[in-house]
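Down below is the structure, laid out as structure tokens.
The values are calculated or read from the model by the stated rules, or taken from the named source; none is laboratory data. What you see is a predicted model; the values in this text were computed from it and never measured. Please note: Cβ atoms are built from the backbone with ideal geometry, for glycine as well, and neighbour counts cover all protein chains shown. Surface areas here come from the heavy atoms of the whole protein model, side chains and all, with no ligands, DNA or RNA. Shrake-Rupley method; radii C 1.70, N 1.55, O 1.52, S 1.80 Å.
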Amino acid sequence: MAIINVTPDSFSDGGLHNTVADAVDFAMRCVDEGAGILDIGGESTRPGAAEITSNEELARVIPVIEDLARRTDVLISIDTYRASTARAAITAGAHIINDVHGLQREPEIARVAAETGAGLCIMHTGRGREKLADPIEDQRHFFDQSLAIAKAAGAAEETIMLDPGFGFAKETTEENLSLLNRFSELHQLGYPLLVGTSRKRFLGAITGRDAKDRDAATAATTVALRLKGASVFRVHNVAINRDALLLADAMLAQEQAVRQG
């Protein structure tokens with residue numbers, strides 16, 4: 001899943017794809033590099049980012065989605081928590097709704113997914129609430145609420161994917177590392193898992209590198225999380241992470257072949 005930020009203020013690539021033409025050109029390069037999903041976002045989710053209006057978000061993302069829908073058969077995702085934006089994006093040609101508030105800011109977004117049959121990525125966040133001390137227990141607690149919203153809205157279970165939300169109110173490097181190390185426990189939730197470690201601050205704390213120079217560290221987490229069963233990887237740099245996944249999948253295939261004799 002390639003990150004296509006149509007924003008002036010995202011933490012690592014704000015302003016780089018700030019026009020429709022630039023965003024579409026970058027997205028098509030990501031397709032050439034192996035992206036299977038293009039995730040289009042019009043509002044920065046970095047801590048402290050200024051909120052924009054619904055109209056501003058629509059003006060940024062809808063022309064990009066419409067153009068990409070004409071150019072490629074690759075799946076398109078809309079990164080939004082607003083039900084109105086999600087509905088407009090699906091009408092424009094998007095296939096997936098990716099909600100970083102886990103359906104809990106605008107629960108109506110789950111009904112949009114149910115009514116349109118769109119895929120639904122539900123992300124865990126600790127922002128704006130008190131978290132449980134154990135990171136996995138907090139994941140379960142949060143997702144219990146989100147999945148109840150999805151079920152009440154009629155969203156089909158087979159359309160749902162969960163994202164543990166690396167970096168979203170995981171306040172310390174240790175908390176992110178604990179989530180990474182214990183990632184396999186999240187399979188108990190019973191849904192495919194999407195991960196977004198790309199260029200996150202905890203990677204900078206470990207490597208000492210600025211956001212734009214964290215792609216190698218991101219690829220390392222991609223290998224680790226693929227070996228622990230993650231299904232989809234939301235990344236800024238498709239090429240390096242595709243290579244990382246080829247290696248991880250080769251390791252998994254070899255391990256399976258040995259197990260089968």
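A compact table of results
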| quantity | calculated |
| --- | --- |
| For the chain: accessible area per residue (Å², 1.4 Å) | 45 Å² |
| Rounded to whole Hz, the Karplus (6.51, -1.76, 1.60) HN-Hα couplings of region 64-81, x for glycine and proline | 5, 5, 4, 5, 5, 4, 7, 9, 9, 9, 5, 4, 10, 10, 9, 8, 7, 10 |
| Qualifying aspartates and glutamates (Cα of each under 16 Å from Cα of residue 170; at least 8 residues distant if same chain) | 130, 134, 137, 138 |
| Segment residue 105-residue 227, extension gain: residue separation times 0.36 nm, minus the distance between their alpha carbons | 40.7 nm |
| Inter-label distance, nm, simple model (7 Å from Cα along the C-beta direction), residue 247/residue 21 | 3.8 nm |
| Descending Cα extents along the principal axes, region 123-185, whole Å | 37, 25, 16 |
| FRET E, pair residue 158, residue 209, Förster distance 45 Å, beta-carbon r, rounded to 0.05 | 0.70 |
| Rounded if a/c under 1.5, otherwise prolate or oblate - region 162-240, Cα gyration tensor axes | oblate |
| Relative packing of 54-67, 135-148, which averages over residues the other C-beta atoms within 10 Å, highest first | 54-67, 135-148 |
| Overall dimensions of the chain as given by Cα atoms, namely Rg and Dmax in Å | 17.6, 59 |
| Carbon/sulfur fraction of accessible area - the chain, other protein chains in place, 1.4 Å, % | 50 percent |
| Dimensionless Rg/Rh of region 127-261 - Kirkwood Rh, Rg from C-alpha atoms | 0.99 |
| Gyration tensor verdict on region 50-106 (Cα atoms; rounded if a/c is under 1.5, prolate if a/b is larger than b/c, oblate otherwise) | oblate |
| Cut-off 17 Å (backbone N to label point 7 Å along Cα→Cβ of residue 91), residues of region 53-68 | 54-67 |
| Reciprocal mean inverse distance between Cα atoms of region 1-146 - Kirkwood radius, Å | 15.6 Å |
